Structures are given as C-alpha cells and as structure tokens.
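Enquirer: Sharing a structure here in structure tokens format.
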C-alpha cells in the first residue's frame, strides 16, 4: 500500500539516502564510478528545509517503508517559466513502476502549472514527466560541479 505524507525532520536521513542511491542507480552511464562513489548522503540540508517550511516536501511509503520523496517550491531561477518548481523527485529503483512516483508528483504539484530540470540523458524520467503533461521548452544548462551534467527544462 502507498502512503504519501508530509516529510518530518526525522525523514531527512532517509531522504538523503534516497537521493544518493537514486543517483547511483539511475546515472551509472552519466557519471564516473568515482563521482558516484564519493557522493555523500547529507541529511542536514533536507532537515533544514523541512524545518523551515518554505517548500512542500513529501515522502512516499510503500508497505510502511519510505521509498521516495518529492520537493516543490517557489523557483530560485530569475527567469523561471512558472511560479512553481518541482525541485526534486527521487525514489529507490525498487519502487519504480509501483505508482509511488505518480503519487509523489500528485501530492506536491497536482495538476498545477510547473517546471522542472532533468538530466538530458534520463529518458525514463522524461517519459514519466511527458505522461504528466510536461514538455521540453528548450531550456538547457550544464552543471559543472556534477561532471558537466547536461539538463533540460520541462514545463506544463
């Protein structure tokens, strides 16, 4: 059974682990093994964000275990195409196809206009977002601190 609930500070460690594990599971073809091995699951930024209450942060539980999370917020980009950004949506690979990703997306943005950035080569994520009405709008950026990861912007 899937349960989506608001994140609490005690979820920060699991959220940090899901993010790092998600990168290691999803981006093996986009990053060097050294980069992925050196990722650190730091819960403090997530704990601070939860405690500050400036973002909508939810977790998905599958049969009682937290397996994914999503964060929506007011955009940081000065040229944001929408007033709402899906900042992060990650889950363990074992949760793929269970409906947790859809439940997380519905919980943080519903059917509201929003935008997001996703890895240009993450075709699985792009297909998921297209099924939910997002389209690439031509926005593109390179993340130097992430081994020059190319990202595209999607909007709806």
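No lab work stands behind these numbers, since they all come straight from the coordinates. Just so we're clear, the structure is a prediction, and the values are computed from it rather than from any experiment. Every residue, glycine among them, receives a Cβ derived from its backbone with ideal geometry; neighbour counts consider all protein chains shown.
Enquirer: If you take every DSSP beta bridge fully contained in region 76-156, what fraction is antiparallel? Give it as a percent rounded to 5.
Expert: Details: 11 of 12 bridges.
Antiparallel bridges: around 90 percent, rounded to the nearest 5.
Enquirer: Cut-off is 10 Å between beta-carbons; in what order do 62, 123, 105, 36 appear when sorted fewest neighbours first?
Expert: Details: 62 19, 123 10, 105 24, 36 16.
Listing 62, 123, 105, 36 from fewest to most nearby Cβ atoms yields 123, 36, 62, 105.
Enquirer: Full extension from residue 25 to residue 146: what is 0.36 nm times the residue separation minus their Cα-Cα distance, to one decimal in nm?
Expert: Residue separation times 0.36 nm, minus the Cα-Cα distance, leaves 42.0 nm.
Enquirer: Tell me, what are the semi-axes, in whole angstrom and largest first, of the equivalent ellipsoid of the chain as set by the roots of 5 times the Cα gyration tensor eigenvalues? Let's see the in-between values first.
Expert: Working: eigenvalues 90, 77, 53 Å².
Calculated on Cα positions only, the semi-axes equal 21, 20, 16 Å.
Enquirer: Counting only helical runs of four or more DSSP H residues, what would the 222 nm mean residue ellipticity of the chain come to if each run contributes -39,500 (n - 2.57) and the total is spread over all its residues? Could you put the intermediate results ahead of the total?
Expert: Details: 5 runs with 47 residues, N = 156.
Mean residue ellipticity, 222 nm, calculated: -8500 deg cm²/dmol.
Enquirer: Measure off 7 Å from each Cα along the Cα-to-Cβ vector at residue 13 and residue 63, then give the distance between these two points in nanometres to one decimal.
Expert: Between residue 13 and residue 63, the simple spin-label model gives 2.3 nm.
Enquirer: Calculate the spin-label point distance for residue 111 paired with residue 73, positioning each point 7 Å from the Cα along the beta-carbon direction, and give it in nanometres.
Expert: 2.8
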